[in-house]
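The values are calculated or read from the model by the stated rules, or taken from the named source; none is laboratory data. Being a predicted model, the structure only gives us computed values, none of them experimental. As a convention, Cβ positions derive from the backbone with ideal geometry for all residues, glycine included, and neighbour counts pool all protein chains shown. For accessibility, only protein heavy atoms count, side chains too; no ligands or nucleic acids. Shrake-Rupley method; radii C 1.70, N 1.55, O 1.52, S 1.80 Å.
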Amino acid sequence: MTGCPHLARIEIGEEPQEALSFETMLEILPVGAMTCDLATFRIDYANPCSIRLLHSIRDTLGIDPETIVGTSIDVFHKRPGHQRDLLTDPSRLPHKARIPFGKEWLDLHIHALPDSKGRPTRALLVWAVATAEVAKEQEEYRLLRMIDDMPVAVMTVDAADFRISYLNETSKRTLSQIEDLLPVPSDRLLGESIDVFHKTPDHQRRLLSDPRNLPHRTRIKLGPEVLDLQVSAVTGTGGEYIGPMLTWSVITKQVAAEARIQQLAHYDTLTGLANRTTFREHLGAALARPDNRLALLFIDLDGFKIVNDTYGHLVGDALLGRVANRLREHCGEPGILVSRLSGDEFAILVPEANEAGAAALAERLVAALSQPFLLHEDERRLRVGASIGIAVSPGHGTEPEALLSRADIALYAAKAAGKRTFRIFAPDLETRIRENVRIEGKLRHALEDKTGLFLFFQPIVDIRTRIVTAREGLIRWHHPVRGWISPGEFIPLAEECGLIEDLGAWVLDRACRDAAGWTDGARVAVNVSARQLGTGTLAPTILDALVRSGLSPDRLEIEVTETALLNDEVDSLRDLRQIRDMGVRVALDDFGTGYSSLAHLRKFQFDKIKIDGTFVRDATTRPNCAAIVGVVADLGRRLGVTTVAEGVETVEHLDLVRAEGCTEVQGYLLGRPQPSAADAALVAALSAGPAALGQAA
Ligand code: C2E
Ligand code: CA
Ligand code: CA
């Protein structure tokens, strides 16, 4: 055992008699005493009691207690720097501390020990190992502090009466934020029943009082706030249930964000309708049920693109919102799912519906969507329409993919049937579409190879002089297998698949070249499809054809139908004006078959009106038709415009239209469409060949 050589004798009491040396006193002291050199922070003395105590905490100490003298003071402390600061700061001494040491707690008194000159060169540490009881208390205290400081709100409840028995600091802070929603001030909640949060139903009380139900997580609404509660069981050392502990937080913002994400993932932001993903999920689930009867309606707006292009996306978006509302109005029955798949495509899922039910709904929707839409911002009345395709399960398939593609085929058929209508899927629709796809492929080839396509010409004759004033170019196609196919069949296909631009350019080119070779100086009339108008490409294409052929612009006449003007009216008229400005003439074809024929005459100054052949052919038997021919001829005269009667097949027709005042005539009586001289031999050969199934003219 080391002595205590540097200690001066100190005297106790006023009387100096029988004074014990300080050294002796430390030796016999029943508490630990150690001194530490503040220059080296090494322990330079430990009393016998210290050595005994060190033996009792030897596991944590990690060194042989007998070697303690000479060891750094740091062995007692996890944060040596802190300890050293304390030891060398006389103003903080004496210092009393209880420090954790492994499983134990050490009680520590630190005093400054001045040297003979009064300088604090050493420190005296008087210490003891805290009793087991103190250690336990200390441990509990430490845990409590930990829970108190935890960044989550913790609260305990008495299992017997459901009163709040403890709130940690975070709980108190959080409660003060939602104080307005509580019936009691937040600082007086301790001891209150947990019913202050919400009237706890009995089953929930039972849940809290039985640890077998725990842990348990729940969300409760408190006014506008949402609280997340996690209840766990606090148990005693013997495993007995002490009571529930609630870890909780206010998750209102998080819930709102979750809901928003959910909304974004499953709903269309523009219309609020279910999106494609949701629609597919519902369809899959509905078809997987044992009773998988349902109807699928595919809706495509007719003429939406025009609105969007003419008035801009804002108006287009507003219109889609209105369309969605109308769809909702008509699909109010529970279980019906209305969704927006993309752009102007919508889909409706009707559970337990058959063909008849779906058709009835489709009919109502077509009618509803044909009504004009009034966009309140500027009182603008917009008109669109809707085409609908229907497929039903199980009749048309029980797999989502099959059903979707069949509804799509039905939609295609509805559009092909003239739009603003609906079609129910039928197997022959599928074959027809397949056939169309094949024809499209062949037509593409024909255009690329310039084989099988011909332009025939039919004369248009002045009714008085019988002079041919113009020839109308009419396209003919000889399909390698099916023979001659009517333009009435393949022109719509070419429009649908985007071939019409190329086809139209080919026709213009042919027409101008042929006409440039005509010796009688007659004009050439070329038909232009709706899809060629409004895109801004027509004028350049025409210019191209004129330049290449050397044909004078006033010998070219473009024929547009009323229906072509219905689409993209603004852009179409702009294109027509460009053409007129080039000196090319423009004729209004099939007059009387479309809507608002007269309105078109007001909007554009046509050079010619062609009265549809149906009026002429019916005129001899139906007085109404004759009257119409007469009125149009009269109109033409007043406007200073040529009127052509089409479809003149007989002498009676001719006499009638002459009497009604038409200026020109066209029809089989005056000449059928004929190939040009250069094509004549080839056409004759094709028509006579084995593949010839139709008539060339
Ligand atoms: P359209 O412009 O009204 O052409 C007149 C149609 O009536 C032609 O039918 C013609 O052959 C037919 N026709 C002429 N005279 C008579 C007659 O006396 N009686 C009867 N019953 N019919 C007569 P086609 O050639 O079958 O053309 C049908 C439609 O296809 C044309 O109607 C036109 O809209 C379109 N079409 C033809 N060629 C072209 C083209 O090169 N481009 C475009 N975009 N469309 C074309
Ligand atoms: Ca025509
Ligand atoms: Ca016509």
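Side notes on the structure shown:
Table: residues versus (1) in a helix (DSSP H, G or I); (2) within 16 Å of ligand 3 (Cβ to nearest atom).
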site	(1), (2)
Gly636	yes, yes
Val644	no, yes
Val657	yes, yes
Leu670	no, yes
Leu682	yes, no
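- Output for the range 571-630, where each listed residue is charged (D, E, K, R), open to solvent by 20 Å² or more (accessible area, probe 1.4 Å) and more than 13 Å from ligand 1 (Cβ to nearest atom): Asp571, Arg574, Arg577, Arg580, Asp581, Arg585, Arg602, Lys603, Asp607, Arg622
- Subset of the range 539-558 [within 14 Å of ligand 3 (Cβ to nearest atom) and more than 19 Å from Asp502 (Cβ to Cβ)]: Glu557
- Residue list for the range 391-425, filter: of a type in the set (Ser, Thr, Tyr) and free of Cβ contacts under 8 Å to residues at least 60 places away in the same chain: Ser405, Tyr412, Thr421
Residues checked against (1) more than 24 Å from His396 (Cα to Cα); (2) free of Cβ contacts under 8 Å to residues at least 40 places away in the same chain; (3) open to solvent by 40 Å² or more (accessible area, probe 1.4 Å):
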residue: Thr310; (1), (2), (3): yes, no, yes
residue: His313; (1), (2), (3): yes, yes, yes
residue: Gly316; (1), (2), (3): yes, yes, no
residue: Leu320; (1), (2), (3): yes, no, no
residue: Val338; (1), (2), (3): no, no, no
residue: Ser342; (1), (2), (3): no, no, yes
residue: Ala347; (1), (2), (3): no, no, no
residue: Leu361; (1), (2), (3): no, no, no
residue: Leu365; (1), (2), (3): no, no, no
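- Some residue of the range 74-84 being on the phi > 0 side of the Ramachandran plot and surrounded by fewer than 12 Cβ atoms within 10 Å (Cβ to Cβ): no
- Strands (runs of 3 or more DSSP E) fully within the range 91-167 counting 2 or more residues that are open to solvent by 30 Å² or more (accessible area, probe 1.4 Å) and farther than 30 Å from Leu26 by Cα: 164-167
- First in the range 443-458 and within 16 Å of ligand 2 (Cβ to nearest atom), second anywhere and open to solvent by 90 Å² or more (accessible area, probe 1.4 Å), Cβ under 9 Å, 6 or more apart: Phe456/Arg672; Phe456/Gln674; Phe457/Gln674; Gln458/Tyr668; Gln458/Arg672; Gln458/Gln674
- When residues in the range 389-420 are screened for being surrounded by fewer than 19 Cβ atoms within 10 Å (Cβ to Cβ) and not in a helix (DSSP H, G or I), 8 of them pass.
- A count restricted to the range 274-285 and to residues that are within 13 Å of Ile348 (Cα to Cα) and among the small types (Gly, Ala, Ser) stands at 1.
- Each residue in the range 558-567 was checked for being at pLDDT below 80 and either part of a helix (DSSP H, G or I) or away from ligand 1 (no atom under 16 Å from the Cβ) (or both), and 4 of them qualify.
- Residue check, Thr170 open to solvent by less than 30 Å² (accessible area, probe 1.4 Å), over 24 Å from Thr235 (Cα atoms) and of a type in the set (Val, Ile, Thr): no
- Residue under evaluation Ala257, criteria (1) under 15 Å from the mean Cα position of the chain (by Cα); (2) open to solvent by 30 Å² or more (accessible area, probe 1.4 Å), criterion not met: (1)
- Per the conditions (1) modelled with pLDDT of 90 or more; (2) open to solvent by 10 Å² or more (accessible area, probe 1.4 Å); (3) more than 11 Å from ligand 1 (Cβ to nearest atom), the sole criterion not satisfied by Glu646 is (3).
- Qualifying positions in the range 459-498 - away from ligand 2 (no atom under 14 Å from the Cβ), among the aliphatic types (A, V, I, L, M), crowded, with 16+ Cβ neighbours inside 10 Å and at pLDDT 90 or above: Val461, Ile463, Val468, Ile485, Ala494
- Filtering the range 516-531 to residues that are modelled with pLDDT of 90 or more, outside any loop (DSSP other than H, G, I, E, B) and within 16 Å of ligand 2 (Cβ to nearest atom) leaves Arg523, Val524, Ala525, Val526, Asn527.
A quick yes/no check of all residues on (1) of a type in the set (Phe, Trp, Tyr); (2) within 22 Å of Phe279 (Cα to Cα); (3) at pLDDT 95 or above; (4) in contact with a Phe, Trp or Tyr (Cβ under 9 Å, 6 or more places away or on another chain):
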| site | (1), (2), (3), (4) |
| --- | --- |
| Asn308 | no, no, no, no |
| Tyr311 | yes, no, no, no |
| Ala324 | no, yes, yes, yes |
| Arg328 | no, yes, yes, no |
| Leu337 | no, yes, yes, yes |
| Ile348 | no, yes, yes, yes |
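- Test: residue in the range 225-236 that is more than 30 Å from Ala362 (Cα to Cα), modelled with pLDDT of 85 or more and open to solvent by 60 Å² or more (accessible area, probe 1.4 Å): yes
- Annotation: Ala386 fulfils all but one of (1) open to solvent by 50 Å² or more (accessible area, probe 1.4 Å); (2) part of a strand (DSSP E or B); (3) closer than 27 Å to Leu296 by Cβ; the unmet one is (1).
- The residues of the range 554-570 that are buried (at least 16 other Cβ atoms within 10 Å of the Cβ) and either closer than 17 Å to Leu639 by Cβ or in contact with a strand residue (DSSP E or B) (Cβ under 9 Å, 6 or more places away or on another chain) (or both), listed by number, are Arg555, Leu556, Glu557, Ile558, Glu559, Val560, Thr561, Glu562, Ala564, Leu565.
- Residue within the range 35-44 that is closer than 18 Å to Ala130 by Cβ and assigned by TED's automatic domain parsing to the domain that holds Pro120 present: no
- Enumerated strands (runs of 3 or more DSSP E) restricted to the range 449-506, each holding at least 2 residues that are within 15 Å of ligand 3 (Cβ to nearest atom) and within 30 Å of Gly661 (Cα to Cα): 453-462, 468-479
- Within the range 600-621, if we keep just the residues that are out of contact with any helix residue (DSSP H, G or I) (no Cβ under 9 Å at 6 or more places or on another chain) and away from ligand 2 (no atom under 14 Å from the Cβ), the residue that is farthest from Ala470 (Cα to Cα) turns out to be Thr621.
- Evaluating Pro351 against the criteria (1) without any contact (Cβ under 8 Å) to a residue 40 or more places away in the chain; (2) open to solvent by 50 Å² or more (accessible area, probe 1.4 Å) leaves one unmet condition, (1).
- The set of residues from the range 63-77 being of a type in the set (S, T, N, Q) and either in contact (Cβ under 8 Å) with a residue 24 or more places away in the chain or touching a Ser or Thr at 6+ places or on another chain (Cβ under 6 Å) (or both) comprises Thr71, Ser72.
- Considering Phe615, Phe606, the condition of being assigned to a loop (DSSP other than H, G, I, E, B) and within 16 Å of ligand 3 (Cβ to nearest atom) is satisfied by Phe606 alone.
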